[in-house]
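Below you'll find the structure I mean.
The values are calculated or read from the model by the stated rules, or taken from the named source; none is laboratory data. Remember, predicted model here, so these are calculated numbers, not experimental data. Quick reminder, even Gly has a Cβ in these numbers, built from the backbone with ideal geometry, and neighbours come from all protein chains shown. Side chains are part of the model used for accessible areas, which takes the heavy atoms of the whole protein and leaves out ligands, DNA and RNA. Shrake-Rupley method; radii C 1.70, N 1.55, O 1.52, S 1.80 Å.
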Amino acid sequence: MIKKILVIIRRSNGDVLLASPLIQGLHEYYPGAVIDLLVNDDTLGIAKTLQPIRQIQVYSYQWKKLPKWQRLQKTVGLMRALFRRYDLAISLTATDSSVLYALLAARRAISTIDAEPRKNWWKKRLLSGYYVLDPARHTLLNNLEPLRLLGIPTTKIAPTVHCSASSKAAVLVKLQANNLERFMIFHPSAQYGYKVYPAHLRHTLLQQLSTLGMPIVVTGATTALDLQIKAALPVLDNVYDWIGETSLDEYIALSEYSQAYVGGDTLNMHIAAAQNKRVFAIFGPTLLEAWSPWSNALQCNATRSQPQQTYANITVFQADMPCVPCGKKGCDDQLGVSECLQRIEPGMIIAAVNAWLQQEQS
């Protein structure tokens, strides 16, 4: 009988959020079971928004910087916390350490594995079930593969994200203080610079958005990149600079109150899509098949590259270049500049947002 489940997601914020349908599927099929998570510490914030989760175990890459004995102490402590505490362990990460944590945690362990036989032969022998990650398939759908291995049916697939009542109340007070009722979010930042729409283009975009009649709340965190964007942000009528002014929990509440999202392919985009908001997403080199916003209404994502495409409540913009998308981390694949983002004209985005607003007002 399955009473305790561990789900291991040691990847990005987006991976964690897009595991929510898997968690919901497990909860519905094993209604009496508790579900715990193991995540990297830099994704703990989004992990806390998933439900229903009892406990979150954390791994930190900072441990590698510790003296050897301290690093060993941390690792052993995590292993002890996991060892045979669960009836089922599922790893959505193919790394050796993640698979080992799953095998330690439960006698029944399922994991994604690498496609290369030399990397996965031992995993195939030890795991109770496994699947190979399909890079041409959406991350959300790959994350649901464990349900198939367990014989659990899936019906409507919809990521979910939650925030606290206190955050909703605090954000509502701030919105009311600024007389903001109907507004759109403009999110110019991302975790890495190679995903960020260039400054001169985003300033033009923001200036033109400010003339469309709907207030704009500009959002961001307190990272060096976010603060750099904030420092250069133009002062415009109808634009409210909230960069660095909300926690992740508060941002989710803010997004829930909003009418639309305009910005790059980052966690905030997936939050807006999960909430069924109108999404205008600016994509650079990121692979659409794996990371385009998931449409709850159509139960699909974008799979073919084109300069502009709309499916249900989602519009995606890309450069009209033969190399798009390349899947690299910038043109040099070293977190450098993405030339494709330089080729997306603000006017195209403005036209799409304006058409939506005209439709909303008619």
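Within region 117-138, can you find the residues that are among the hydrophobic types (A, V, I, L, M, F, W, C), open to solvent by 70 Å² or more (accessible area, probe 1.4 Å) and farther than 23 Å from P159 by Cα?
Hits for region 117-138 are W121, L126.
What are the pairs with Cβ atoms under 7 angstrom where one residue, in region 236-251, is under 12 Å from G220 (Cβ atoms) and the other, located anywhere, is among the acidic types (D, E) and open to solvent by less than 50 Å² (accessible area, probe 1.4 Å)? Sequence gap at least six, or different chains.
Once the first residue is under 12 Å from G220 (Cβ atoms) and sits in region 236-251, its partners that are among the acidic types (D, E) and open to solvent by less than 50 Å² (accessible area, probe 1.4 Å) give I243/D226; G244/D226.
So, one more: Here are some residues: I152, I157. Which one is of a type outside the set (K, R), surrounded by 14 or more Cβ atoms within 10 Å (Cβ to Cβ) and within 16 Å of the chain's Cα centre (by Cα)?
I157 is the lone residue from the list that is of a type outside the set (K, R), surrounded by 14 or more Cβ atoms within 10 Å (Cβ to Cβ) and within 16 Å of the chain's Cα centre (by Cα).
Related question: Looking only at residues in region 1-35 that are β-branched (V, I, T) and assigned to a strand (DSSP E or B), which one is most open to solvent (accessible area, probe 1.4 Å)?
Of the residues in region 1-35, the ones β-branched (V, I, T) are 2, 5, 7-9, 16, 23, 34-35.
Cutting the leftovers down to assigned to a strand (DSSP E or B) gives us 5, 7-9, 34-35.
Values: I5: 0, V7: 0, I8: 0, I9: 2, V34: 46, I35: 4 Å².
By that ranking, first place goes to V34.
So, of the residues in region 289-300 that are in contact (Cβ under 8 Å) with a residue 40 or more places away in the chain and either within 12 Å of P159 (Cα to Cα) or in a helix (DSSP H, G or I) (or both), which turns out to be farthest from the chain's Cα centre (by Cα)? So that I can check it myself, show each step before the final result.
Residues of region 289-300 that are in contact (Cβ under 8 Å) with a residue 40 or more places away in the chain, as a first pass: 289-292, 294, 296, 299.
Restricting the remaining residues to those that are either within 12 Å of P159 (Cα to Cα) or in a helix (DSSP H, G or I) (or both) gives 289-291, 294, 296, 299.
On the way: E289: 14, A290: 11, W291: 9, W294: 11, N296: 15, Q299: 17 Å.
Only one residue fits best here, namely Q299.
Return yes or no: is T266 open to solvent by 50 Å² or more (accessible area, probe 1.4 Å) and either at pLDDT 95 or above or under 30 Å from I23 (Cα atoms) (or both)?
Numbers: open to solvent by 50 Å² or more (accessible area, probe 1.4 Å): no; either at pLDDT 95 or above or under 30 Å from I23 (Cα atoms) (or both): yes.
It is false that T266 is open to solvent by 50 Å² or more (accessible area, probe 1.4 Å) and either at pLDDT 95 or above or under 30 Å from I23 (Cα atoms) (or both).
I would also like to ask the following. Is there a residue in region 41-57 that is part of a helix (DSSP H, G or I) and open to solvent by 70 Å² or more (accessible area, probe 1.4 Å)? Before the answer, list the steps.
In the first step, residues of region 41-57 are kept if they are part of a helix (DSSP H, G or I); the result is 41-47.
Filter once more, so that each one left must be open to solvent by 70 Å² or more (accessible area, probe 1.4 Å): 42.
For region 41-57, residues part of a helix (DSSP H, G or I) and open to solvent by 70 Å² or more (accessible area, probe 1.4 Å): present.
May I ask you to say which residue of T286, T303, T310 is open to solvent by less than 20 Å² (accessible area, probe 1.4 Å), of a type in the set (S, T, Y) and not in a helix (DSSP H, G or I)?
T286
Exactly one of (1) under 19 Å from K4 (Cβ atoms); (2) surrounded by fewer than 18 Cβ atoms within 10 Å (Cβ to Cβ) is unmet by L38. Its number?
(2)
Matching residues to (1) touching a helix residue (DSSP H, G or I) at 6+ places or on another chain (Cβ under 9 Å); (2) within 21 Å of N276 (Cα to Cα):
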site: E181; (1), (2): yes, yes
site: G193; (1), (2): yes, no
site: P198; (1), (2): yes, no
site: L201; (1), (2): yes, no
site: L212; (1), (2): yes, no
site: D226; (1), (2): no, no
site: P234; (1), (2): yes, no
